[in-house]
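Data first, discussion second: the structure below is written as structure tokens.
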Amino acid sequence: MLRFLMIAGLLAATPAAAADACDVLTAKVIRVTGASLAGRTGEYAVFRAQDAERMSLDCRSPARITLASLDREPDKAYFALVGLAARALTGADAERAEVLALNLHQDSLLADAPRRGATGRALMLCETGPRQDAPAGDLTVCRIAPAALSRRRHAG
């Protein structure tokens, strides 16, 4: 019986600990990027950001941030926001992450295919539409994940 109560206690604490960790990460994304929280459900947060049509955080391991622009060739401010999001999520240098995102985007336009790269502890994938999945349309989408939990790849 005691063993059952200990296991039940551990299982009950796990979702609460995950929620607390996601709260901390959500607050850090807000603080670093200047975005505001639009909504949160479980391990998923959506933000309002002036320089992105969509910005979301998935706290499930490994945590990742997705940023989308309606523009096929977004303004420089979009890439600056990607850099700040990379800093919030992984501690990467924001300027280097911004440059990486811009280069991956340009490479994606030329190749008509997604491109991956890494800077510091940030892995990034950027692609340009048209897309069939959500978000659909002619979008630019960049995803950021921590390199420590994934295979590290360089641009290309």
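Here are the numbers for this structure:
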read-out: Condition check for ALA35: in contact with a Pro (Cβ under 9 Å, 6 or more places away or on another chain) and modelled with pLDDT of 95 or more; value: no
read-out: Index of the failed condition, ASP71 passing every other in (1) touching a Ser or Thr at 6+ places or on another chain (Cβ under 6 Å); (2) touching a residue at least 60 places away in the same chain (Cβ under 8 Å); (3) charged (D, E, K, R); value: (1)
read-out: Top-ranked residue in region 105-156 [being out of contact with any Cys (no Cβ under 9 Å at 6 or more places or on another chain) and hydroxyl-bearing (Ser, Thr, Tyr); ranked as modelled with the lowest pLDDT]; value: SER150
read-out: Close pairs (6 angstrom Cβ cut-off, 6 or more residues apart or separate chains): of a type in the set (Asp, Glu) in region 74-103, modelled with pLDDT of 95 or more and surrounded by fewer than 19 Cβ atoms within 10 Å (Cβ to Cβ) anywhere; value: GLU98/ALA80
read-out: Subset of region 76-97 that is open to solvent by 60 Å² or more (accessible area, probe 1.4 Å) and in contact with a strand residue (DSSP E or B) (Cβ under 9 Å, 6 or more places away or on another chain) - its residue that is nearest to ALA21 (Cα to Cα); value: ARG87
read-out: Some residue of region 49-64 being in contact (Cβ under 8 Å) with a residue 24 or more places away in the chain, touching a Lys or Arg at 6+ places or on another chain (Cβ under 7 Å) and part of a strand (DSSP E or B); value: yes
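The values are calculated or read from the model by the stated rules, or taken from the named source; none is laboratory data. Since the structure is predicted, the reported quantities are computational estimates derived from the model, not experimental observations. Don't worry about glycine lacking a Cβ; one is built from the backbone with ideal geometry, like all the others, and counts go over all protein chains shown. With ligands, DNA and RNA removed, areas are computed over all heavy atoms of the protein, side chains included. Shrake-Rupley method; radii C 1.70, N 1.55, O 1.52, S 1.80 Å.
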